[in-house]
């Protein structure tokens, strides 16, 4: 007797917009304290003041929260291979975020790019969702944070934790709209 192997995605219904945005919102809420902690640690590293706090605890706390951010995003978006997606997201966050921070010479752009790249892997992609559009969205918000950081730094620092996952949701929404079947008219 032979066993027929079915795809994990066989019979899966597309994720509703409400569930996708709930996953994005909750992941962003978990990300925000980690982002602020990493940013405080990086500012403490760059400080020449003798009374500056130790940077290591702040950076460690922020980095410790990052896996939970991707866990929330993957599991709440009902990713079919959530544990593997979380590991891939963590690797992408490091592989993309560190070089971008070095190239941009600021931490905020690298954090947006790295976390956005990780989000591409962690957020469940439905049939109509386009990975290329997600990558383009992350590139756009990373470039926007880079430009904003040089022109209006306060806005860039405040918006940065909201940008990565929101851009993925918008990219998916635009993909769904583009792929929607238009009714035939007379």
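The values are calculated or read from the model by the stated rules, or taken from the named source; none is laboratory data. Computed from a predicted model, the values in this text were never measured in an experiment. Glycine also receives a Cβ, built like all others from the backbone with ideal geometry; neighbour counts cover every protein chain displayed.
Being buried (at least 17 other Cβ atoms within 10 Å of the Cβ) and either under 30 Å from residue 176 (Cα atoms) or more than 16 Å from the chain's Cα centre (by Cα) (or both) holds for only one residue in 47, 16, 37, and it is 37. The single condition among (1) assigned to a helix (DSSP H, G or I); (2) closer than 18 Å to residue 78 by Cβ that residue 150 does not meet is (2). Whenever a residue of the range 47-61 is over 19 Å from residue 111 (Cβ atoms), its partners that are at pLDDT 80 or above and assigned to a helix (DSSP H, G or I), lying with C-beta atoms within less than 6 angstrom and at least six residues away or across chains, give the pairs 52/44; 53/44.
Looking across the range 145-161, the residues that are more than 15 Å from the chain's Cα centre (by Cα) and surrounded by 13 or more Cβ atoms within 10 Å (Cβ to Cβ) come down to 146, 148, 149, 156, 157.
For the range 75-121, the set of residues classified as over 28 Å from residue 149 (Cβ atoms) and either in contact with a strand residue (DSSP E or B) (Cβ under 8 Å, 6 or more places away or on another chain) or in contact (Cβ under 8 Å) with a residue 60 or more places away in the chain (or both) consists of 77, 78, 80, 81, listed by residue number. Step by step: first the residues of the range 122-144, then only those that are under 17 Å from residue 91 (Cβ atoms) and in contact (Cβ under 8 Å) with a residue 40 or more places away in the chain, then the one that is surrounded by the most Cβ atoms within 10 Å (Cβ to Cβ). Which residue is that? Applying the filter and picking the extreme gives 122.
Where helices (runs of 4 or more DSSP H) fall wholly inside the range 1-113, the ranges with 3 or more residues that are modelled with pLDDT under 90 and touching a helix residue (DSSP H, G or I) at 6+ places or on another chain (Cβ under 9 Å) are 17-46.
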